[in-house]
Amino acid sequence: MPLNPQMMIPVGISYLIIMIISALLLYKGKMNKKISIIILLLSVSIPGLIFGAAASPVFAIQQIFMNLHKIIANPSISSIIFPTLIMTTLIFVLFTIVTVLLGRIFCGYACPLGAAQELVSKISFKSHLKKKKYVIRIPRKIANLVRLGFFVTMILLAIVWGIGLFEVVNPFSAFTIFGNLGNIVVIVIPLILFSIIIISNLFIYRAWCVLFCPFGFVSWLVSRFSVFKFRRNDKCTNCKACEKVCPTNEAFLTSNKSECYVCNRCFEVCPANAIDYTNKKRKDCPVEEVNPKEFKKPIKVKLQAIFFPLLSKIKKLPPPKRRWNYDKSRWEMLQKAPSKMKPQKMMQGEKVKILYNCIHCNRCKTSESRVKLKQNMFKRGQVPKEFEDLIHSYEKYKTPLNQNAMRIKKFENIPKESSTLLFLGCFSSIKVPRFAEHTIQYLLDQNVDFTLLENEICCGLSLKVSGEKKLLAELKKENLELFKSKGFKEIICICPACYNMFRKNYKNSGIKFKFVTEYLKSLKNKTSLKINIQHSCHLLYEGKKKLAKNVEKIFENSGFSIEKIPHWCCGGGMGMIYIPKTIEKIGRIRVNDFTAPIVTTYCPSCYWMLKIYGRREKRTYQLIDIYQLLTPTKINPSQ
């Protein structure tokens, strides 16, 4: 069906009005079943029956390629065809932009054929729910193969042979019935096709849209990037009511909503008012999400890290008047220093706490830049007050936790000497000793040869991200001397943070550093437990994503059903000393993301955070570390 230029403006206005009204109602949360039915009836009536479904992007796609065929076949008529080509391309581009902005709002509410299908599905869907059965969901791979084949066939016929597939197979022509009453034969085939589509929609949700529509294929590709779409908010209780009623299976947490027709069923059934049609999504950076006012943009951090030392040399800023020794009077001097040692213009007026308002998950890839800035600010005396406790703890205990006594039980079958050290880390051995014990026992069961140190020295990561270079160098020197005196050639790390610190900052030590998950093995007797895995940012964002993926493979090979959720930092790590309130907000949000009855992790810091804030948020999931889950006698969580 060729596009009718005379109908372009009125039908375009009707499309626009319907889409704007629908989007506003969805955004305000005012859309309900009755209102949606009224809008759908208007779409069928006005753009459909009155204007004959003209100016539709469905036909615009075909017309673009048919016009190209005409120009290629006869270049002399290009000046005649070119205006039509521009018009059809403009229609297609405009509707694609609308899809990118508002999601599949055109398909869901404005398209006459889509509206007719949605009206039928609202009747059929209700009866299916009463019988506790759902509409048939065609597997996504099959549907995509069919729609891709139809789309490619349409393009080839149009551009190679100049044949319009929609001139032969065109259910939209059924809407021109009132304009063809005198020549009903013309629309017999379209009426038959339209009837087949409507009847099939009693069993298959939007059969035409899912399998054959050309613009449906295009919007499926681009709608995953839509600005506005249905998103869950922090009120979500993971009851999965939305997932049960979604006819396209797009309501699950990790969905990109590429096949979402914004039908509003999920919103209507949600008991917690936890679904919004919005452009607001959770920020990748957890600190920016919970504390945006004191968040430093990554690009700003990178620029300042580059120009801070450079401008220092050009401007020749005065060095600190005193060199501090690590003694009790150090902090008396430090408190007097900032007023006399001002940083250059680029940093003037900047609150120190904004720079320290970071957990160093490295999601934004600015962790090293922040460290450089902190080191430069430390030289100028610009450090938070909380840093005093950290320094005193390191000077006295060689850890940031104000103690260094390991709280783990003694294992008699661990050799006193070995070329391999199992480095527990201060957090594992002091904060979560059970986690460390389970790791040790698992490695012993796997016959891994290793030994332990009676008193470990911290890897120094807390010092590094605080900007203190001198004490860090001393700590590193002590660690290397200890490792070499014991003859260690290999060190297995339990903590991902320790693992990253060692492999990046102890490179020339001649020691091979490994992460403990490299020793994991699949269960021989498979289980069917459903789990969520909290991965470590220190692996995902520090170039060791393969180690995290390997953990998932081991669980899958062991029969576990992994319910995947988007990764987000647990809130642990380097922010506990400086920004405890921000850390708490992040932790409380993260523990509410989990959907499975069992949550597991290989990171001691994550384990502690999920344990503490899971209790505070009264979450009912069971937190079990991966070493227990992969131990045959421990796979039953009720034990």
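Scanning the stretch 499-526 for residues that are in contact (Cβ under 8 Å) with a residue 60 or more places away in the chain and surrounded by 18 or more Cβ atoms within 10 Å (Cβ to Cβ) turns up Phe502, Val516, Thr517, Leu520. In the stretch 399-407 there is at least one residue that is exposed (fewer than 15 other Cβ atoms within 10 Å of the Cβ) and under 19 Å from Tyr627 (Cβ atoms).
Checked against the criterion of being open to solvent by less than 50 Å² (accessible area, probe 1.4 Å), farther than 21 Å from Glu167 by Cβ, at pLDDT below 85 and more than 43 Å from the chain's Cα centre (by Cα), the stretch 71-80 contains one or more residues that satisfy it.
Tell me whether the stretch 211-222 contains one or more residues that are closer than 26 Å to Thr99 by Cα and in contact with an Asp or Glu (Cβ under 8 Å, 6 or more places away or on another chain). Walk me through it before giving the result.
Let us first name the residues in the stretch 211-222 that are closer than 26 Å to Thr99 by Cα, namely 211-222.
The next check asks that each one be in contact with an Asp or Glu (Cβ under 8 Å, 6 or more places away or on another chain); those that pass are 220.
Yes, that holds for at least one residue.
Reported count of residues in the stretch 159-214, each being modelled with pLDDT of 85 or more, over 26 Å from His69 (Cα atoms) and of a type in the set (Val, Ile, Thr), is 7.
Taken over the stretch 218-257, the criterion of being more than 18 Å from the chain's Cα centre (by Cα), assigned to a helix (DSSP H, G or I) and either surrounded by fewer than 22 Cβ atoms within 10 Å (Cβ to Cβ) or among the polar types (S, T, N, Q) (or both) is satisfied by Val218, Ser219, Leu221, Ala241, Glu243, Lys244, Val245. Looking across the stretch 249-282 at every residue that is among the β-branched types (Val, Ile, Thr) and out of contact with any Ser or Thr (no Cβ under 9 Å at 6 or more places or on another chain), the one that is nearest to Val210 (Cα to Cα) is identified as Thr254.
Tell me whether the stretch 530-541 contains one or more residues that are surrounded by fewer than 19 Cβ atoms within 10 Å (Cβ to Cβ) and farther than 21 Å from Leu253 by Cβ. If you could, list the steps in order and put the result at the bottom.
The first filter runs over the stretch 530-541 and keeps only residues surrounded by fewer than 19 Cβ atoms within 10 Å (Cβ to Cβ), leaving 530.
Next, only the ones that are farther than 21 Å from Leu253 by Cβ stay: none.
The answer is no; no qualifying residue exists.
Condition first: buried (at least 17 other Cβ atoms within 10 Å of the Cβ) and among the basic types (Lys, Arg). Can you find one or more residues in the stretch 206-217 that meet it?
Initial filter on the stretch 206-217 (buried (at least 17 other Cβ atoms within 10 Å of the Cβ)): 206-217.
The next check asks that each one be among the basic types (Lys, Arg); those that pass are 206.
Yes, the stretch 206-217 contains a residue that is buried (at least 17 other Cβ atoms within 10 Å of the Cβ) and among the basic types (Lys, Arg).
Looking across the stretch 160-175, just one residue is aliphatic (A, V, I, L, M) and closer than 18 Å to Val218 by Cα, and that is Leu165.
With the requirement that a residue be farther than 10 Å from Lys229 by Cα and open to solvent by less than 30 Å² (accessible area, probe 1.4 Å), what does the stretch 276-287 give you?
The initial filter retains those residues of the stretch 276-287 that are farther than 10 Å from Lys229 by Cα, namely 282-287.
Of everything in the stretch 276-287, those that are farther than 10 Å from Lys229 by Cα and open to solvent by less than 30 Å² (accessible area, probe 1.4 Å) turn out to be Cys285, Pro286, Val287.
The values are calculated or read from the model by the stated rules, or taken from the named source; none is laboratory data. Since the structure is predicted, the reported quantities are computational estimates derived from the model, not experimental observations. Reconstructed Cβ throughout: ideal geometry from the backbone, glycine too, with neighbour counts over all protein chains shown. Just the protein is used for accessible areas: all its heavy atoms, side chains included, with ligands, DNA and RNA removed. Shrake-Rupley method; radii C 1.70, N 1.55, O 1.52, S 1.80 Å.
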